[in-house]
C-alpha cells in the first residue's frame, strides 16, 4: 500500500478518516495525500479573468491556512504527507485524481448514523463510492486503534463481483484479518436449496482461489429481510469490526439496501465500511 488518499472538508469526521489513514500509513510506510475540493460556483467561474484569478488565489490561501491547522496533529508526525487543493465540484473527480496519483486506498469520513443505507445513498460519500475504481474505506466514528481483524463481505457469489472481492481480499490479507463471505437469502428471491447455493459459492471460490478456500476465509449463508440486516447479524455474531460491500457504479448501493432496520442495530451502524466497484 504505497499511497492513501483522504478527501477532507475540515470537519470532525474528516479528522476521523485522516487518523485512520495515518495508522495505515505508519504500518505500511505509505504516503498520505490529503485532498480538499474548493467547489467554486459557476457564477464565480464566469467572472473576468483578473478578478477570478485574485479570488481564486484568496480561496487557495484560505484553504492552505485551514490545512495547516487541520494537519497539526500528533498522529501525523513523521509521516510523508502531501496536500492537494483543487476546484473540484463533481465527486467523480476524486476517482480521477486517485487514478492519476496511483492511489491504493481512499479513506473518507461520514456522519451517517442510521445504518448503511443512510451512510451511502445520496451522500457525498456515496458519490465517491459509486465512481471510484479504487477501494473506499468509510469511517463514521473515531478509531484511534484501527485494526480490522474480522471482516464480513456481502456477496451473492456472482462472478460479476469477483473484481471487487479480489481487491478487498487483497486489503484484508495485508491487514492480517479474517474475512467471512456472507450470502443473505431474502424473502422476495427465487428459492435456492442449500446445495444450490453451495455449488454457486464453489464456482466463485474456484475462480477466486483455484477452488481452495484460504485459511483466513469462511462462508456463511443466512436468511434475513434485507442484506443489510443479514450483514449486521453476522457481524455481531462473529464480532466483526469491518463491513465490506461491492457496488455497481451505475446504481451505487441501492441494489443492496431495501427496507429499514430497527434501532437495535444502531450499535453496528458505527462500523467502518470498505467498498469497491464491481
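Just to be sure, is residue 138 within 19 Å of residue 10 (Cβ to Cβ), at pLDDT below 90 and not assigned by TED's automatic domain parsing to the domain that holds residue 4?
Values: within 19 Å of residue 10 (Cβ to Cβ): yes; at pLDDT below 90: yes; not assigned by TED's automatic domain parsing to the domain that holds residue 4: yes.
Judged against the criteria, residue 138 is a match.
Cβ-Cβ distance below 6 Å, separation of 6 or more or different chains: which pairs start in the stretch 226-240 with a residue that is in the same structural domain as residue 182 (by TED's automatic domain parsing) and end on one that is buried (at least 21 other Cβ atoms within 10 Å of the Cβ) and in a helix (DSSP H, G or I)?
Between residues of the stretch 226-240 that are in the same structural domain as residue 182 (by TED's automatic domain parsing) and residues that are buried (at least 21 other Cβ atoms within 10 Å of the Cβ) and in a helix (DSSP H, G or I), the close pairs are 228/116.
Looking at 184, 138, 172, 152 in this structure, which one is over 30 Å from residue 27 (Cα atoms) and either surrounded by fewer than 22 Cβ atoms within 10 Å (Cβ to Cβ) or in contact (Cβ under 8 Å) with a residue 40 or more places away in the chain (or both)? Spell out the reasoning first.
Numbers: 138 fails: over 30 Å from residue 27 (Cα atoms); 172 fails: over 30 Å from residue 27 (Cα atoms); 152 fails: over 30 Å from residue 27 (Cα atoms).
Unique residue meeting the criteria: 184.
Out of the residues in the stretch 66-87 that are out of contact with any helix residue (DSSP H, G or I) (no Cβ under 7 Å at 6 or more places or on another chain) and in a loop (DSSP other than H, G, I, E, B), state the one that is modelled with the lowest pLDDT.
So, considering only residues that are out of contact with any helix residue (DSSP H, G or I) (no Cβ under 7 Å at 6 or more places or on another chain) and in a loop (DSSP other than H, G, I, E, B), the one modelled with the lowest pLDDT is 87.
The values are calculated or read from the model by the stated rules, or taken from the named source; none is laboratory data. Quick caveat: nothing in here was measured; it's all calculated off a predicted structure. When we count neighbours, we look across all protein chains shown, and the Cβ atoms used for this are built from the backbone with ideal geometry, even at glycine.
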